[in-house]
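> Have a look at this one.
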Amino acid sequence: MKTPDKNIASGSYHIHLVEPDFSLLRVENPSEQVMRARHPVPKGLLQIHCCLRGRVQFRYNGGHYIMELGAEHAQVLYNPTAELPLETDLDPGTRMLSLLIPIRAFHALFSEEADVIPFLNPDYSDKKYYQQHPVSPSLALVLSQLWNANLHPSVQLLYEKAKVYEWLSLYFNRNADPQDEQCPFLEDEESLRRIRQAKEIVIERMAEPPSLKELALEIGLPLKKLKEGFKQIYGDSVYSFLFDHKMEYARKMLESGKYNVNEVGLKVGYSTASHFIAAFRKKYHTTPKKYLMSLAQQGR
C-alpha cells in the first residue's frame, strides 16, 4: 500500500566513505510522518541494508515494485546489469545503516572463501541476487555500536572502518552450527540472545511490563548485565525503548480510526486517558485529538 506523497517528508542519506569507493550510509527519520530518502546507486555496486528499528520500504521502478525491511532485519541486493537507485520510505523513528561496495572490492575480501557466498560463485556472476535475513544478536551489537559511536574525529573513521568489516564478517559467517564450541564469543552470544528475549517480553506485555528485576530473573541475566547489554544493543534503556514502542503502537492505532483515545490508552498500559494524553504529548508534542485532526486535514 502506497503512502500519499503529500504526507511524506523529504530526507537524505548521510554518507561516510569507508574507502574511496566504499560507502557507509546512515539514515534516520526523527519526524512524525513517513520520510522519503533518495540516493543514486551506480550499476555494479553491492547493497547491504540493515534496519535497526522501525520499518523501511524500498521503492523501485517508480514505486511499482516495493520491498519491505523490518526492524532487526538485513538484506543484500545486487544487480550486475542495471542501476538500483535507493528510494526509501521510512516510518517515524526508523534507523537504517547501509553499505555500498563495488562487487570486485567485495569479492577481494572473500577471495579465499568465495564459495560460501552464493552470488560470488562463478555460476551467479551475471545474475541478480536478493537475500533477506534476521540480524543476529552479535551483529545487532556491532550495528548499535556503529550507530552510537561518538569518538574523537581523529579516530572516528578508523573505528567506523573496523566496525564495518566486523559487520561484513558477521553477516556472511556461514558456521554450520551457530553454537559451535570453537566460537570464542559463545558466552556473549547467549547473553545477547537473552537481551533480545527481554525486548520481546516487554513488547509483548507492554500494557503490564515486568519490573527490571523480574525481567532479569525471567531471562536469566544479572540486572546490571541486562541494563548495560540492552543499552548497547538498542541504544536506550529498557523502559525508554518501551515508551517509544508504546507511543508508536498507539499512533498507528489512532490512525486506523478503529479505536478512541481511551481504548488506545488502555491498550498500551495507561489506566486513564489523561495519563495517556500526557505521554503522547511528551513523545509527539501534540495531543492525540490534535494529531487526528491534522491527519483529517491532510486527507488521510
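Each value in this text was obtained by applying a stated rule to the coordinates, not by laboratory testing. Just so we're clear, the structure is a prediction, and the values are computed from it rather than from any experiment. Note: ideal-geometry Cβ built from the backbone for every residue, glycine included; neighbour counts use all protein chains shown.
> What ranking of W147, W167 emerges when the number of other C-beta atoms within 10 Å of each C-beta is taken as an exposure proxy, fewest first?
Least crowded to most crowded, the residues run W147, W167.
> Once a ≥ b ≥ c are taken as the square roots of the eigenvalues of the Cα gyration tensor of the range 186-235, is the result rounded (a/c under 1.5), prolate (a/b larger than b/c) or oblate (a/b not larger than b/c)?
Verdict is prolate for the range 186-235.
> Still on this model: What distance in nm separates the two pseudo spin-label positions at L223 and R38, each 7 Å out from Cα along the beta-carbon direction?
Reported label-point gap for L223 and R38 is 5.3 nm.
> T81 to T272: extension gain in nm, 0.36 nm per residue of separation minus the Cα-Cα distance?
Computed gain between T81 and T272 is 63.0 nm.
> Follow-up. So what is the relative contact order of the range 186-235, in percent, for Cα pairs below 8 Å that sit 6 or more residues apart? Can you show the working numbers first?
Details: 21 pairs, mean separation 19.7, N = 50.
Dividing the mean separation by the residue count of the range 186-235 yields 39 percent.
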